[in-house]
Amino acid sequence: MPDNSLTSSRKSDHIRINLEEDVRSGLTTGLERYRFVHRALPELDLDDIDLSVPLFGKRLQTPLLISSMTGGAGETTAINLALAAAAQEAGIAMGVGSQRAAIEDPALADTFRVRQVAPDILLFANLGAVQLNYGYGLEQCQRAVDMIEADALILHFNALQEAVQPEGNTRFAGLLRKIEQVCRALPAPVIAKEVGWGFSEEDVWHLAAAGVSAIEVAGAGGTSWTQVEMHRAQSESQRRLAAAFVDWGIPTAEAILNVRRVAPAMTVLASGGLRTGTDIAKCLALGASLGGMAGPFLKAAAISPEAVLQTIAELRRAIQVCMFAAGAGSISQLQATPLVEDSRK
């Protein structure tokens, strides 16, 4: 039986390190290479711009996702409730962190349950894809969805993080067939999510063929989980191993384009180093349906639910102003707005 106390302790370590340490990737998102063509005559009224977007049968008021972060440790309950309450008020989507701890110890399920404060939001359950090679199957996937009354299930991919953890789960061989089985049998849509290193074209092709409904690219340029693990390392050897991968990964902009080239009909959720509303707007213009953030929301949630709402409001206004200055009156128009690429950056 897995030692759930270790899983919970790891969650606590991850929160503390993300709040206190510099865990940024050595790479940029690649979004700095793109800019909008400024429209001096946008022929729009700013306040009439429509930021709403449909996704998985629900309509978001802003194309924004509070990306999967946490759960499974005592202090995470308040964080998830603060995030969810803000998501409910603002009409945006949210994902919870890996629910493995609560699958192993049902007493921890309440650290993930947020429907009492967010009955209407688009909510994503979450399990590590590799757990399908460690005894998990359709039953555990359904339990994760049912546990939080989720609208979809995220299967996250963190091979590199697992490889630099002394306790990491690294048996990734034969995983694709099991993912396909879950996609075929699970009533809820399945989302494939990286955790900060992006998806290659080959990975996208295989995941699309397996039947995933969406891909959250989570490219390089934001939090690097090898750097998080570096701060958790118990020896200098482990620390050096994790530190060696600070500049590993596929930048977020490139990862979005990988999906668009290989699976143009696939729903793309953009994340990985997004920090501003203009970052999100660029991702939408590259082909994403919404933009996700984790770090900025975690820091805000550690302050108060009001701080989360303030962060959302600032992001929303920046997206709206960007759309106004680019001449896009709706998200669909923004997705059809060309970007200028500066290859010098």
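Coordinate-derived values only; no laboratory data. This is a predicted model, so every value here is computed, not measured. We place every Cβ from the backbone using ideal geometry, glycine too, and count neighbours over all the protein chains shown.
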For the chain, percent of DSSP beta bridges that are antiparallel (nearest 5) comes out at 20
What helix-only [θ] at 222 nm does the chain give? Using -39500 (n - 2.57) per DSSP H run of at least 4, over all residues, to the nearest 500, the answer is -12500 deg cm²/dmol
Under 5 Å from the placed amide H of W248, counting only residues 5+ away or on other chains, we find G26
Return the label of the correct value of log10 I(q)/I(0) by the Debye sum over Cα atoms at q = 0.12 Å⁻¹, as calculated from the structure shown, out of [x] -1.03; [y] -0.81; [z] -0.89. [y]
So, in nm, how far is label V340 from label E43 when the simple model puts each one 7 Å beyond its Cα toward the Cβ? 2.0
In whole Hz, the Karplus estimates of ³J(HN,Hα) for region 128-133 (6.51, -1.76, 1.60; θ = phi - 60°; x where Gly or Pro) are x, 4, 5, 5, 5, 9
Residue-by-residue Karplus 3J(HN,Hα) for region 91-103, coefficients 6.51, -1.76, 1.60, Hz, glycine and proline x: x, 10, 8, 8, x, 8, x, 4, 8, 3, 4, 7, 5
Could you list which residues have their amide H under 5 Å from that of E216, counting only those 5 or more apart in sequence or on another chain, with H placed in the peptide plane? A192, K193, E194, L269
Between R177 and D120, the two model label points (7 Å from Cα along the beta-carbon direction) sit apart by a distance in nm of 4.6
